[in-house]
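Reading through the structure tokens given below for one structure.
The values are calculated or read from the model by the stated rules, or taken from the named source; none is laboratory data. A quick note: this is a predicted structure, and the numbers were derived from the prediction, not measured. Cβ placement follows ideal geometry from the backbone for every residue including glycine, while neighbour counts extend to all protein chains displayed. Surface accessibility is based on the protein's heavy atoms, side chains included, excluding ligands, DNA and RNA. Shrake-Rupley method; radii C 1.70, N 1.55, O 1.52, S 1.80 Å.
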Amino acid sequence: MKVFSTVAETRHWCRQQLRETHSIGFAPTMGALHEGHLSLVRQANEQCDRSVVSIFVNPTQFAPHEDLDQYPRPIENDLALLRQAGTDAVFLPSVQEMYLSDSGDESTKVLPSSVALPLEGVHRPDHFVGVATVVMKLLQIVPADRAFFGRKDFQQLCVIEHMARDLSMATEIVPCPIVREEDGLAMSSRNRYLSTEERKRALCLSKALQAVQQAFDAGQRDPSELELVMKDSLKPCDHLDYAVVVDRESLLPVSKITRSVVALIAARIGKTRLIDNCELTLANIV
Ligand code: AMP
């Protein structure tokens, strides 16, 4: 497995692969890898000739009060996991290498589509500008045929799909399923912040989504009623940012469910902010 820390050597290696007509699958991450990340790598390996993973804790997507400094960086363990998963190359840049400055604050930015405005856009106002910009940069460095993103970060996936479509990007964006712990908790690098007691309470997010799925399957089509079902299960949270059922394409509220929707939750357990979601598709109608 190649490990690169510079833009130049990463780009050089990728171009060489493409010249040799090998397709490239790419999974961008912030490290502290778990099975959710590794599932993206496996997809990249299955669908493409070469797999590339980036590990970069992107400062421009964190607000000043967020967990940038505490964000876990177990790099040796990450590299061992990627080696085991059969990754061909890892891009591991410093902030200076990516932004030619200490923060990236002064750099050119990508303005995401309006799908970035509700939900996370309200609670983390500059977050998706940071995400869209770093993904755009990463795809200039790793000119992948396909890039793999988890549905765990549903709104992020929408933002990136819109960016790829609106800016006529050459890379195909491939959505991948949410990977969960055995008891249902969606895997996240931030789960390691949870104490034993908080870890138990964190289960209420996936329980709320199971409850909303059940209500939907039983025929409930009123979004406010579905939201109440979720909120009822979310009482163990210390703070609820949102628990909503919204249109799956626009992420805007709907008064009646006539096409597929998505249930999205963002909540704090202790100091840890967790997100989770489940798509309620019309195929599920009984
Ligand atoms: P992150 O390191 O949190 O920026 O995540 C990198 C990529 O892994 C993103 O595309 C995430 O959506 C994806 N990811 C994170 N957790 C999961 C999970 N539990 N299941 C599937 N994909 C995930």
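A few points about this structure:
- Conditions (1) under 24 Å from residue 157 (Cβ atoms); (2) surrounded by fewer than 16 Cβ atoms within 10 Å (Cβ to Cβ); (3) at pLDDT 95 or above; number of the one not met by residue 259: (3)
- Pairs with Cβ under 7 Å, 6+ apart, first in segment 106-131 and assigned by TED's automatic domain parsing to the domain that holds residue 161 and open to solvent by 70 Å² or more (accessible area, probe 1.4 Å), second not charged (D, E, K, R) and not in a helix (DSSP H, G or I): 123/266; 126/63
- Residue match in segment 57-77 (condition: of a type in the set (Phe, Trp, Tyr), within 13 Å of the ligand (Cβ to nearest atom) and either open to solvent by 50 Å² or more (accessible area, probe 1.4 Å) or assigned to a loop (DSSP other than H, G, I, E, B) (or both)): yes
- Long-range neighbours under 6 Å by Cβ, at least six apart or interchain, first residue in the same structural domain as residue 153 (by TED's automatic domain parsing) and open to solvent by 60 Å² or more (accessible area, probe 1.4 Å) within segment 15-39, second aliphatic (A, V, I, L, M) and modelled with pLDDT of 95 or more: 35/179; 35/187
- When residues in segment 70-123 are screened for being modelled with pLDDT under 95 and of a type in the set (D, E, K, R), 3 of them pass.
- Hits in segment 143-200 - residues which are under 17 Å from residue 264 (Cα atoms) and among the charged types (D, E, K, R): 151, 152, 153, 180
- Filtered residue count, segment 179-198, keeping only those that are closer than 14 Å to residue 238 by Cα and within 15 Å of the ligand (Cβ to nearest atom): 1
Rundown of residues vs (1) touching a Ser or Thr at 6+ places or on another chain (Cβ under 8 Å); (2) buried (at least 17 other Cβ atoms within 10 Å of the Cβ), yes/no style:
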position	(1), (2)
174	no, yes
177	yes, no
188	no, yes
196	no, no
200	no, no
205	no, yes
216	no, yes
221	no, no
226	no, yes
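- Residue count for segment 40-56, restricted to those that are free of Cβ contacts under 8 Å to residues at least 60 places away in the same chain, of a type outside the set (D, E, K, R) and assigned to a loop (DSSP other than H, G, I, E, B): 0
- Count - residues of segment 147-177 that are within 13 Å of the ligand (Cβ to nearest atom) and in contact with a helix residue (DSSP H, G or I) (Cβ under 7 Å, 6 or more places away or on another chain): 15
- Boolean, residue 154 is among the aromatic types (Phe, Trp, Tyr), closer than 21 Å to residue 132 by Cα and modelled with pLDDT of 95 or more: yes
- Helices (runs of 4 or more DSSP H) fully within segment 132-251 counting 2 or more residues that are touching a residue at least 60 places away in the same chain (Cβ under 8 Å) and among the acidic types (Asp, Glu): 196-217
- Single residue of 131, 95, 57 found to be out of contact with any strand residue (DSSP E or B) (no Cβ under 7 Å at 6 or more places or on another chain), closer than 27 Å to residue 243 by Cβ and β-branched (Val, Ile, Thr): 131
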